[in-house]
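Before any comments, here is the structure.
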């Protein structure tokens, strides 16, 4: 693994961390399968979310735009994801082109969402071959204290479930043909949530092996120091339907098949707690939305709450 | 080859009985394994305390076998001409050690025009000495640069030993400068090698 | 080495929308747990690379060349004083995936796979034996029909062995597909597109897994079975790779004795 020069770990710190792990202690006192505290905050606008795992923090922003569909898929919308590793998150990140690490992160999360058909792309179709929604999720990591993948996936999941796109009215000509579409403002028609079949969440393990090759110890939700001495990582992406959406072990210290199964089982247990935390926050937001005034009475608030649309 | 061939990861023994030499490493369970492809050589060590008998195991990487196949300076090599230009002929070396060792993979060589023959070296016309497709005997002058060996055919026994005429037939040597096509009876110029063979019309 | 059963009657092959016929045959005549025709060759370039190999898994063709250990070029920022760094460059022909798509070196998929190859071999190569150097693995993909990551890993393994780079073990890779509820070994692109593909790279001697990559969702409780099937496929790949390496070594060693080694 090409580690950025910023994450230099001194020999004595490395020896300390490894020695503590040999006695079953992690740097911050957690157990081997304990996650750091999870906080999710849904932004003022729909589709904005912030997720933190310990001190690692990422912001996700979902937006949607009406575009022409691809010629070979006239009834499907599209979804794209990008992950930006902001230089304010860590000295190792440089502004400009996404590094291979950023590309890998965004591809893993995008693949887990798209390939598992989490978002119903056909439901994004407004007028076949003319207008479909192109949904984008942009994640920015603002603080890197380990385990970027899980935090990005969590922020993206929260933002996607929170996001509501404007209601679109299809206008018909006198003959009954659909001619054009009209995007309705939020105070005219209630915006709609995306049609999501499920929403996957990621749980990653840092694999620590003293010499880089012997059978490693798998630590759930590795901190930055733990990742700096790790020789590999294993990420498990699950959803509530009991599906494994991604099993991402991209090289690194090899593990036995049995250890992979154990990690997946541990991830399944922890997934429930994580999903519950997310559900609670989303239900809170829904309640506060329902308790606020009905759409017709909204005035100034509508302007800030509309997602960008064309 | 009666020796055992080992491949990377192959278990050669236990740490208690063997010392890992070049080409072998010790894994986390105490097994001694090879890390390159090669022949396994065990050298017994004198037992220190009179009880345990250990050996050092080395895996002799194939590269060293391949290295000894490379042509050395002064050897006669058999080559096939690939490309010519007025100054230099590019050849592919196929056999070394006088033709007795066939190379597993051909190397590149060049013959400068001054090294084609001994007399009148500057007036050599490459097209009348060797042509692409000819098989020649040459001597290695030097290891040259990283790209090709430097060869010479400036001896009586060196030069073209097999050539095809423009019509595709294998030509018969007439003199040390000419070869004749048996089909069309036309002659072409080559720098012909003197082969020590009683049946050849050239060995007198 | 498994071969596609070309003599299976077409009526026993699956219909248009199924991938495993009731007789147990797939679209190309293979059984459920058969890998595709596996061809591998060592030393395929003109000798300019330190090691070279070519792997064809079915219709997926990948050529690999290894340069090194050599002085680190370009970004010395990446150099490590106590070990070698592994650099992988992956290029794909524009016609490789069927539709013309010229991918530049900054293409996201190629970058990801190249980083994956580097990460697979970084713990596998005994890098501490070559401090301050770099080992460059160049992969050229001519054709893709499923299992691209696996073919890249297999080709890189052979090329590293050919270059004589110290490695703890082979890395053998194979895919398992989860298509319409059935598990199929070594899936082609068509089978992969219809379901999920799990790529696994396995180290046969130390018996551990170096890489897993899932392309789509699968039921979590079927993972164990898929891993077992994938490991079985990797072992078949290992037999093919190892057989070829030993045969090649025998030919090279025989050439030293003066007989016609040939190729």
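No lab work stands behind these numbers, since they all come straight from the coordinates. As the structure is a computational prediction, the values presented were derived from the model and not from experiment. Note that we place each Cβ from the backbone using ideal geometry, even for glycine, and neighbour counts take in every protein chain shown.
Observations on the model:
- Cβ crowding within 10 Å, taken as a proxy for footprinting-reagent exposure, orders A:36, B:139 from fewest neighbours to most as B:139, A:36.
- Label-point gap, in nm, between residue B:142 and residue B:45 - each point 7 angstrom along Cα→Cβ: 4.6
- Two-site FRET efficiency, residue B:155 against residue B:186, from Cβ-Cβ distance with R₀ of 41 Å, rounded to 0.05: 0.90
- For chain C, a Gaussian network of Cα nodes joined below 10 Å ranks C:104, C:147, C:233 by mean-square fluctuation, and the top entry is C:104.
- Calculated FRET value between residue A:195 and residue B:4, using beta carbons and R₀ = 56 Å, to 0.05: 0.30
- Among C:25, C:158, C:198: highest mean-square fluctuation, GNM of chain C, C-alpha pairs under 10 Å: C:25
- Rounded Å value of the spacing that divides the Cα centres of region B:80-95 and region C:202-217: 48
- Per-residue mean of C-beta atoms belonging to partner chains within 10 Å, peptide A:92-99: 1
- Centroid-to-centroid separation of region C:164-193 and region A:211-271 [C-alpha atoms, Å]: 20
- Comparing A:203, A:59, A:124 in a Gaussian network model of chain A where C-alpha atoms under 10 Å apart are linked, the largest mean-square fluctuation is found at A:124.
- Computed helical MRE - 222 nm, the protein assembly as shown, DSSP H runs ≥ 4 contributing -39500 (n - 2.57), nearest 500: -7000 deg cm²/dmol
- Seen against the Cα atoms of chain C and their longest principal axis, helix C:148-162 is set at about 40 degrees.
- Tilt relative to chain C, helix C:108-121 - C-alpha long axis, 0 to 90 degrees, to 10: 70
- Label-point gap, in nm, between residue C:207 and residue C:142 - each point 7 angstrom along Cα→Cβ: 3.8
- Computed E for residue A:284/residue A:14 - FRET, C-beta separation, R0 35 angstrom, nearest 0.05: 0.25
- Computed over all pairs of different Cα atoms, the Kirkwood value for the hydrodynamic radius of region B:76-189 is 14.2 Å.
- Burial order of peptide ranges A:268-280, B:149-161 (average beta-carbon count within 10 Å, highest first): B:149-161, A:268-280
- Seen against the Cα atoms of chain A and their longest principal axis, helix A:100-114 is set at about 50 degrees.
- Taking label positions 7 Å along the Cα-Cβ direction at both residue B:22 and residue B:88, the computed distance is 3.4 nm, reported to one decimal.
- Pairwise centroid distance, computed over Cα atoms, of region B:115-167 with region A:14-29, Å: 70
- A full extension of the chain between residue A:291 and residue A:170 corresponds to an added length of 40.6 nm, given 0.36 nm per residue minus the alpha carbon distance.
- Only Cα pairs under 8 Å and 6+ residues apart enter the sum, and on that basis the relative contact order of region A:72-178 stands at 36 percent.
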